[in-house]
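> Please read through the structure below; I'll follow up with questions.
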Amino acid sequence: MARDDNDVIDDKPMPLLEHLVELRTRLMWSAAAFLIAFGICYYFSATIYFWLAEPLAKILREQGMGDPHLIYTQLYEAFFTRIKVAMFGAGFIAFPVIVSQIWLFIAPGLYRSEKRAILPFLAATPVLFVAGASLAYFFVFPFAWKFFASFQSNNGGGGVPIELLPRVGEYLDLVMKLIFAFGITFELPVLLTLLAKVGIISSKGLKRFRRYAYVGMFVIAAILAPPDVITQTGLALPLILLYEISILAASMVEPKPVEL
């Protein structure tokens, strides 16, 4: 396909060593952004912990547990939990900086038309990630935690009560894993639409493999989510909806066949 004369690469040839120096600079800026964000998040780790624990605490209060709490059974568990919480927060805060540094590294080697094509997808990436994380936090967690907590019993078996005493490390690992899982899987429209934009896939191909994709969504949900129907369905159904949105978006951006 012929390019417009104005569709040029805004860059000058550089030796390999200069490219490596540029890459090192971008990596250093990204690492610095993450470390600064980590320090800030570690200082506010108690607040982040409260935000992550609140969905479970709310369910336990509704079930009459009074003042719910999480426990730790190893001396170092609480400390490393704060480290994990700080890294979790730093990932969110530093993400825009890291993406911008990646863009600044690869953008000079792209044509102007390629930059215009990629920028909307780049802008949609954090929006979709936050949308996926919000779905997990505000909708999936309340239903899933209520289901799990419902197995508590004052009588138990033979008069022995069954009480939920979640460990702080295990609980936060699960929460952070699910938030990242929902956020990353919500990037599906960005990936498929971008592949359609460059002609690697087509909307017809996505429609043809729809049934297999649906099965794949439930497989992905079974791998990423805990082994319960509520959480897995809560991840699989949005993925199916996102796949259908991807088909529509792909049909709008895919290269049109040239009529002779």
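The values are calculated or read from the model by the stated rules, or taken from the named source; none is laboratory data. Remember, predicted model here, so these are calculated numbers, not experimental data. Cβ placement follows ideal geometry from the backbone for every residue including glycine, while neighbour counts extend to all protein chains displayed.
> Mind listing whichever residues of region 28-41 are more than 21 Å from Arg82 (Cβ to Cβ) and surrounded by 14 or more Cβ atoms within 10 Å (Cβ to Cβ)?
Passing the criteria: Trp29, Ser30.
> Follow-up question, since we're still on this one. Given the residues Glu77, Glu54, which is the only one that is touching a Gly at 6+ places or on another chain (Cβ under 6 Å) and farther than 19 Å from Ile40 by Cβ? Can you show your working first?
Details: Glu54 fails: touching a Gly at 6+ places or on another chain (Cβ under 6 Å).
Matching residue, one of Glu77, Glu54: Glu77.
> Do you know which of the residues in region 245-260 that are surrounded by fewer than 15 Cβ atoms within 10 Å (Cβ to Cβ) and not hydrophobic (A, V, I, L, M, F, W, C) is modelled with the lowest pLDDT?
Across region 245-260, the extreme among qualifying residues is Glu259.
> Right, next: So which residues in region 185-227 are out of contact with any helix residue (DSSP H, G or I) (no Cβ under 7 Å at 6 or more places or on another chain), at pLDDT below 85 and not in a helix (DSSP H, G or I), if there are any at all?
Val198, Gly199, Ile200, Pro227
> Which of the residues spanning region 54-80 are in a helix (DSSP H, G or I) and either under 27 Å from Thr125 (Cβ atoms) or out of contact with any Phe, Trp or Tyr (no Cβ under 7 Å at 6 or more places or on another chain) (or both)?
Hits for region 54-80 are Glu54, Pro55, Ala57, Lys58, Leu60, Arg61, Glu62, Glu77, Phe79, Phe80.
> Assigned to a helix (DSSP H, G or I) and under 20 Å from Leu178 (Cα atoms): does that describe Ile93?
Taking the combined requirement at face value, the residue satisfies it.
> Right, here's the next one. Would you say Ile230 is surrounded by fewer than 21 Cβ atoms within 10 Å (Cβ to Cβ), in a helix (DSSP H, G or I) and under 14 Å from the mean Cα position of the chain (by Cα)?
So Ile230 does not fit the description; no.
> Among the residues in region 150-161, are any over 22 Å from Thr81 (Cα atoms) and either part of a helix (DSSP H, G or I) or basic (Lys, Arg) (or both)?
Of the residues in region 150-161, the ones over 22 Å from Thr81 (Cα atoms) are 150-161.
Restricting the remaining residues to those that are either part of a helix (DSSP H, G or I) or basic (Lys, Arg) (or both) gives none.
Looking for residues that are over 22 Å from Thr81 (Cα atoms) and either part of a helix (DSSP H, G or I) or basic (Lys, Arg) (or both), one finds none in region 150-161, hence no.
> Do you know which residues across region 96-125 are more than 20 Å from Ala196 (Cα to Cα) and of a type outside the set (Gly, Ala, Ser)?
Pro96, Val97, Ile98, Val99, Gln101, Ile102, Trp103, Leu104, Phe105, Ile106, Pro108
> Look at region 233-254 and say how many of its residues are within 26 Å of Ala144 (Cα to Cα), without any contact (Cβ under 8 Å) to a residue 40 or more places away in the chain and out of contact with any Phe, Trp or Tyr (no Cβ under 7 Å at 6 or more places or on another chain).
Qualifying residue count, region 233-254: 4.
> Taking the options Pro189, Pro166, Pro161, name whichever one is surrounded by fewer than 17 Cβ atoms within 10 Å (Cβ to Cβ) and not small (Gly, Ala, Ser).
Pro161
> Search region 134-149 for residues that are within 18 Å of Leu224 (Cα to Cα) and pair each with any residue that is surrounded by fewer than 17 Cβ atoms within 10 Å (Cβ to Cβ) when their beta-carbon atoms are under 7 Å apart and the residues are at least 6 apart or on different chains.
Once the first residue is within 18 Å of Leu224 (Cα to Cα) and sits in region 134-149, its partners that are surrounded by fewer than 17 Cβ atoms within 10 Å (Cβ to Cβ) give Phe143/Ile230; Ala144/Asp228; Ala144/Ile230.
> List the pairs whose first member sits in region 9-26 and is under 14 Å from Ile102 (Cβ atoms) and at pLDDT 80 or above, whose second member is part of a helix (DSSP H, G or I) and polar (S, T, N, Q), and whose Cβ atoms are under 9 Å apart, counting only residues at least 6 apart or on separate chains?
Filtered contacts from region 9-26: Thr25/Gln101; Arg26/Gln101.
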